[in-house]
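Working notes, structure below.
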Amino acid sequence: MDRHIIHINVADFAVAVERRLDHRLHNRPVVIAPEGAARATVYDMSEEAYQAGIRKGMALRGAMRLCRDLAILPPQPARYEQAMHALLHQALPYSPLIEPGEQDGHLFVDVTGTSRLFGPPVDVAWRLRRQARKELALDPIWALAANKLVAKVASRLVKPQGEYIVAAGDEKDFLAPLPVELIPGIEAPDLARLRELNLNRVHQVTTLDTAHLAVVFNNRATFIQKVLRGQDNAPVCPIGQQPPRVVLDHTFGTDTHSPDAMTAIIYALVEKAGHSLRSQGRVTRRISITADYSDGRRSIRQIGIEPPTANDWVLFPLARRVLNLAVTRRTRVRHLRLICDRLVFPPAQLPLFEAERKTFFHQQALVAAVDGIRERFGWQAVGTCAR
Amino acid sequence: MIPLTVRSHYSLMWGTASIRDLCRTARQLGYERLALTDTDNLYGMWPFLDACRQEGLTPIIGAEVTDPHRRCRAICLVADNAGYAGLCRLLTQRHMDHAFDLAVCLPAHAKGLIVLTSDAGLLERWHRAGVCVAAAMPRSPLAPIHPLRQKARALNIPLTATPGSFFLTPSDHCLHRLLRAIALNTTLERLPAEQTAPANAWLADPQVYAERFAACPEALAHTESLAECITFNGPQFGLVMPPWQDREGESASAVLRRAAYDGARQRYGHGLPEPVVDRLEHELRIIDQMHFSAYFLIVRDIVRRSPRTCGRGSGAASLVAYSLGITNVCPVKHNLYFGRFLNPGRKDPPDIDVDFAWDERDAVLHSVLDQFGEQAAMVSSHILFQPRMAVRETAKVFGLTDAEIGRITERLPWFWRVQDGDGNFLADLKNRPETRALDFIHPWPEILRLAQQVIGTPRYLSAHPGGVVITPGPIQAYAPVQRSVKGVPIIQWEKDAAETAGLVKIDLLGNRSLAVIRDAIANVHANGVHFDETHWEPEEDLPTQESLAQGRTMGCFYIESPATRLLQQKSGVGDFEHLVIHSSIIRPAANEFIQEYIRRLQGGAWDPIHPLLADVLDETYGIMVYQEDVSRAAMALAGFDDAEADGLRKVMSKKDRAHRLQDYRRRFTEGARRKGVTDAQIEAVWAMMMSFSGYSFCKPHSASYARVSFQAAYLKVHFPAAFMAAVISNQGGFYSTFAYVSEARRLGVTITPPDVRHSQVRWTADQKNIRVGLMAVKGLATDTAQRIIDQRPNGLFGTPDDFFNRVRPDAAEARALIQCGALDGMAPALSRAQLLWALAQWQAKRPPVRDALPLFSDVQPLAPPELPHDDPRERLRREFRVLGFLCDRHPMVLFRDDAQRAGAIPAAALGRQVGRRIRFAGWLITGKVVHTKRGDPMEFLTFEDDTGIVETTFFPEAYDRFCHLLDRGLPYLLGGKVEQNWGAATLTVSMVRPL
């Protein structure tokens, strides 16, 4: 049976959300970036700003030089999350299979076999867009195709506005004349190799046989051929199917290399992670820290936790150990991410020895008390002093 | 109280204080005697002795000697001459002997040394070995039951107070920590405490020390009495000459006389002219009188090791040197003045500088070092933190990334020195137009504040570019010797200190142009043309003179810079005598004199500033051109004696000249007034002298170089392809390969692209073609290139696969070769994309397959697929990326349409547009920033298109507006007015736009 996948894409999502709130931002270059930080980078930008040469990840000061009348807004993740949630909420009635992106205004809706309920997929797509415009004041692009890949290419093609329908079976012809860099799955190294071989358009690659392509791309050749022919069986993954884990991030406004500053941040993250774990009634068996340096290099270190725990007092020394493993260079650090995964339900086994058991209960009581206070009076009501 | 453990910034990356500041502070604190005990070295001994003399302090020489393998150290103070030699030997051993053990080695060298240690074990051991040793209590008094005090008491050894210092004031501690963090490659926060000096290790005043040691007054008293027994205040060597021994036992002066006459006969024929004989006799007499005979003979022996050398510097004025083959310009014919090199009044040792082809120099140097063994070493260079290095290293301590640091340091002008600014780094930087586009956000203000204080601190030692010292006995009796990173033995002093010490050095330097001339002649020979060098007189060749007069000298030694080429054009003369003047007059501060010189040269009327100067400056149109003109003018006009005049000349080239010049100026003014010179004339002459500051040549030096310039110019005129190939192969010229390739093309030479079947590693040439060498392929390793050459005798490379199999390049190398077209000739049927595909196939096949043997052994390799054709523009772009130039055309040809649309004229048409405003599209090839009299920066940039070169001027206003736009190796559209000066047309730019 042919599948029908709708790809909803709100172009420049963060800007679109902001524009919804402030009409003065329409028709002028806007970038989202944490202004005030010593060295901010562009998080998202409007089409006008894109035309002026501004790109994601560019230094804000460079962007300001490129474009004089730039409106700069600070990132508001909560706002985007809310808008994303609203978008998702609208689509929920049409299908159980909806895959949202991470606060980026992307949504795949699998409407295969729902036409007797909601009418043809095209109508559903129109309806979704209309609703978004009316109720959310967002104007998404949409594309309809037989798989996620083609739907995504189609919506890329019409960006920043419009819609595109690729009939089932037309995938190959649709993709053939397009430049290869439009196809998701073709990564930068692939692109470089294709360019070297003067292969710039999809049809130039698809006419080669796989054996020839395999000479350059080895095992990846089949994948590339498949992708460029528009074959994609990947299912639309509904929300909530990833293994549970707790991820917390901190970006330093000004990059730092001070061990104290980083330990303080890790402590705050551990507190939040612990709280989140406890509210889920789970404990973690592994803690890892990702450190992103100023120069873009990244280092990830992790250690296992035995017995698994959700107690801040146990987690913190471990986190500090991981931090010391992760941050070893003398370059400044821009971003820290703390991940607690391999979540399990708390073990019933208590510590065997008296002394350990005592500490265990003490720590647990302390954490419970802090949680209790925070629940009642807010997160800031109680805190931990630096030692 | 006398501070006996004081470290300056020569305790590398530990101490912070410069010698001068240290001595000044010590005097201000009320000390009368001061010891300098840097860690494992005597780097700062001569500056210290000098500074002590100036401040009226009594110096104590010493060093802290550490053990590289154990945690023990000793302060060694020199009590007498024997102690000095012992300390030098000990320090040499410390640096040269890998198994150095301080406890064992020290006693052997301890005669004449006073040794301070705070290790009870060593105290006893050395005391028993007969060393004059004292117990040292650093920082604060030790408890009476401390093992050191007990041991001292038991052995009846004096107890001394030796609070060590690493910096001058408490606030310098942060600077010290910065240096430690730089040295340990870490950040300030992570700096381990045991790797830094305590926060109280500053040079306190005597009162503070007295209070600190109040509990132990006998230690203070012992310290005083210990210092009293030190009588040594610096070594006295006199002039130290290299030794020379004749096998037959003949004296050096007799051998020199015979050798000089033999050589002169070879140069001038058998009947020596009378002036030559007179001059030889005069020189030989003075050489003998000053005991320089051995020195000349040694230099002769060294020069003989290479067939092509160029003796330069003031030594080129010597007829003896010319006769011995050390120099190549006849001092009689060119009127070179011997007195400047050697005269009986001269106290400082003169030296002879010799250039060797750059790639032969190291071999010569090593043969000299091998021959003299322990008696020879190179002079060292103390590498100090320069502004750029200081900023970079400090920023790294603050955890900034290379990219962030580069953004700032790339914009620092290359000539930038601390003294250019007014003392505040940040404010100074912010005011510069180059850094306008930059933000100095936190932590940059802090970084710059600290970096400013680090500037001038020594970082490490390296070998001087060519200075070799040879001594009669082992050199370590004179100075401590250590090994440079490259493994060459070096003395611990840099050249000025070595000169103060009286060590006569020989400079053996590398010179690319000698190799260029050598290779060009080899290319000529390879093409079957006979070229006889023995009777080669390039100075007399008219076409060469003609081309010099037109400034067509790109690629020619020493006269290829835009400024010199313009000067040649403006002067319109190309003979040897004028070239000697020109290579000397081109100096940063001499612009107005150059203008005046050209005016006079072109027939403008002139009078000498003062009749007294008429004789002195006649030959150079009344303008001071050579270094010695300064001393000669001072003698003629102000009645300076030889030594005084020579002193003035030397001060001009020193870095700290400003202060010392004032005194000379006063004496000059007084002397000249006495001779009835008016104040205006004095002012004019002094101004002309000042144009020499920091940069000047003597006539013999210029003449030696002009000779090499002439040889190069001759080869360029008569064998352009052979010459340009040699210029590019030897690299390191004033211009990029790109610019030389364009120049070759303008000379009518065809550039044949690199080809793996024909190219050599170096660039080669026949009559009208240059074949690009494999060295031009960016990313191609030297040994891969050599493998390509080595594989050729085994048969022509038939297919790409055959080539890959035999040469086995790595992927990046093969890619570079394909993209620059070096494989095109081998497989003309394949496009470059197909070649890259073939490379991928070869790579895929190469590693052994995991499933062992293939099932079918006769698996045929696939034929390359049909791939889209190479896009011509893209192909050129890749070629340019690999080679840095295009073989078949100038890249500006690709922009011709854009340029025409913008109304640009070609470079060749510039001369016909004088006085008009025009537009020109060109490629930036080189540039130079200078400062106007008012201190504003401006820039001279050289652009070219396929028709020629255009010299442009960016006056301060234009520089201010456009400097941040300009980058090397890119096309620009320029607008401005064509100006002419003595026949040379230049463009004064008022508009720039990237094309």
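Throughout, read-outs are computed from the coordinates displayed, never taken from laboratory work. Everything numeric in this text was worked out from a predicted model, so none of it was measured. Cβ coordinates were reconstructed from backbone atoms using ideal geometry, including for glycine residues, and neighbour counts include every protein chain displayed.
Counted by Cβ distance under 10 Å from B:His95, the other residues give a net charge of 0, where Lys and Arg count +1 and Asp and Glu count -1.
The packing ranking, built from the mean of other Cβ atoms within 10 Å per residue, places the peptides B:891-902, B:387-398, B:906-917 in the order B:387-398, B:891-902, B:906-917, highest first. Here the range A:1-25 and the range B:262-303 have alpha carbon centers that stand 92 Å from each other. A viscosity of 0.890 mPa s and a temperature of 25 °C, combined with the Kirkwood radius over C-alpha pairs in the Stokes-Einstein formula, give the range B:188-245 a diffusion coefficient of 149 µm²/s. Taken residue by residue and averaged, Cβ atoms of other chains lying within 10 Å of the Cβ of A:253-262 number 3.
Taking Cα centre as origin and charging only the Cβ of basic (Lys, Arg, +1) and acidic (Asp, Glu, -1) residues, the dipole magnitude of the range B:751-883 rounds to 420 debye. Here the peptides B:563-574, B:141-152 are ranked by packing, the mean other Cβ count within 10 Å, and the order with the highest first is B:563-574, B:141-152. Each Lys and Arg contributes +1 and each Asp and Glu -1, all at the Cβ; summed about the Cα centre of chain A, the dipole is approximately 760 debye.
Remark: B:Met991, B:Met938 ranked as B:Met991, B:Met938, counting other beta-carbon atoms within 10 Å and listing the fewest first.
The ranking of B:Tyr10, B:Tyr84, A:Tyr267 from fewest to most other beta carbons within 10 Å of each one's beta carbon is A:Tyr267, B:Tyr84, B:Tyr10.
Estimated from helices alone, the mean residue ellipticity of chain A at 222 nm is -12500 deg cm²/dmol (sum of -39500 (n - 2.57) over DSSP H runs with n ≥ 4, per residue). For the range B:511-526, backbone phi angles converted through the Karplus equation (6.51, -1.76, 1.60; θ = phi - 60°) give residue-by-residue couplings of 9, 5, 5, 5, 5, 4, 5, 4, 5, 4, 5, 4, 4, 4, 4, 4 Hz, Gly and Pro being listed as x. As a proxy for reagent exposure, A:His7, B:His69 were ordered by neighbouring Cβ count within 10 angstrom, fewest first; the result is B:His69, A:His7. Charged neighbours of B:Thr669, selected by a Cβ distance under 13 Å, balance to +2 (K, R count +1; D, E count -1). Taking a cut-off of 29 Å, what percent of all Cα-Cα pairs in chain A are separated by more than that? The proportion of pairs with Cα distances above 29 Å equals 58 percent.
Over 18 Å apart at the Cα level, from the set B:Lys716/B:Lys768; B:Lys495/B:Lys699; B:Lys430/B:Lys654; B:Lys347/B:Lys650; B:Lys347/B:Lys675, are B:Lys495/B:Lys699; B:Lys430/B:Lys654; B:Lys347/B:Lys675.
In the range A:18-76, if the dipole is taken from +1 on Lys/Arg beta carbons and -1 on Asp/Glu beta carbons about the Cα centre, which of A:Ala59, A:Asn27, A:Pro75 is farthest to the positive end? The one lying farthest along the dipole's positive direction is A:Ala59.
Straight-line reach from A:Lys134: taking Cα to Cα under 27 Å and skipping same-chain neighbours fewer than 8 places apart, the lysines in range are A:Lys148, A:Lys152, A:Lys159. By the helix-only formula, in which each DSSP H run with n ≥ 4 contributes -39500 (n - 2.57) and the sum is divided by residues, chain B has a 222 nm mean residue ellipticity of -12500 deg cm²/dmol. The chymotrypsin sites (Phe, Trp or Tyr not before Pro) of the range B:649-722 meeting both criteria, a DSSP state outside H, G, I, E and B (loop) and at most 15 other C-beta atoms within 10 angstrom of the site's C-beta, are B:Tyr695. Here the range B:891-994 yields Rg over Rh of 0.95, to two decimals, using C-alpha coordinates and the Kirkwood radius.
Look at the Cα gyration tensor of the protein assembly as shown: its axes a ≥ b ≥ c give a/c of at least 1.5 with a/b at or below b/c, and that counts as oblate. For B:Ala844 and B:Ala183, what is the calculated FRET efficiency with R₀ set at 41 Å and r taken between the beta-carbons, to the nearest 0.05? After rounding, the FRET efficiency stands at 0.30.
Each Lys and Arg contributes +1 and each Asp and Glu -1, all at the Cβ; summed about the Cα centre of the protein assembly as shown, the dipole is approximately 2940 debye. Between the range B:722-801 and the range B:499-566, what is the separation of their alpha carbon centroids in Å? Cα centroid of the range B:722-801 versus Cα centroid of the range B:499-566: 22 Å apart. Highest mean first, the peptides A:359-368, B:780-789, A:104-113 sorted by other C-beta atoms within 10 Å per residue fall in the order A:104-113, B:780-789, A:359-368.
For the range B:133-172 and the range A:57-76, what is the separation of their C-alpha centers, rounded to whole Å? For the range B:133-172 versus the range A:57-76, the Cα centre distance is 62 Å.
Ordering B:Ala908, B:His442, B:Val131 by Cα displacement along the dipole of the protein assembly as shown toward the positive end leaves B:His442 in first place; charges were set at the Cβ atoms of Lys, Arg (+1) and Asp, Glu (-1).
Electrostatic tally near A:His335: other residues with Cβ closer than 12 Å to its Cβ, Lys and Arg +1, Asp and Glu -1, net +2. Across the options B:Val777, B:Pro865, B:Gly821, the greatest Cα extent toward the positive end of the charge dipole of the range B:751-883 (unit charges at beta carbon of Lys, Arg, Asp, Glu) belongs to B:Val777.
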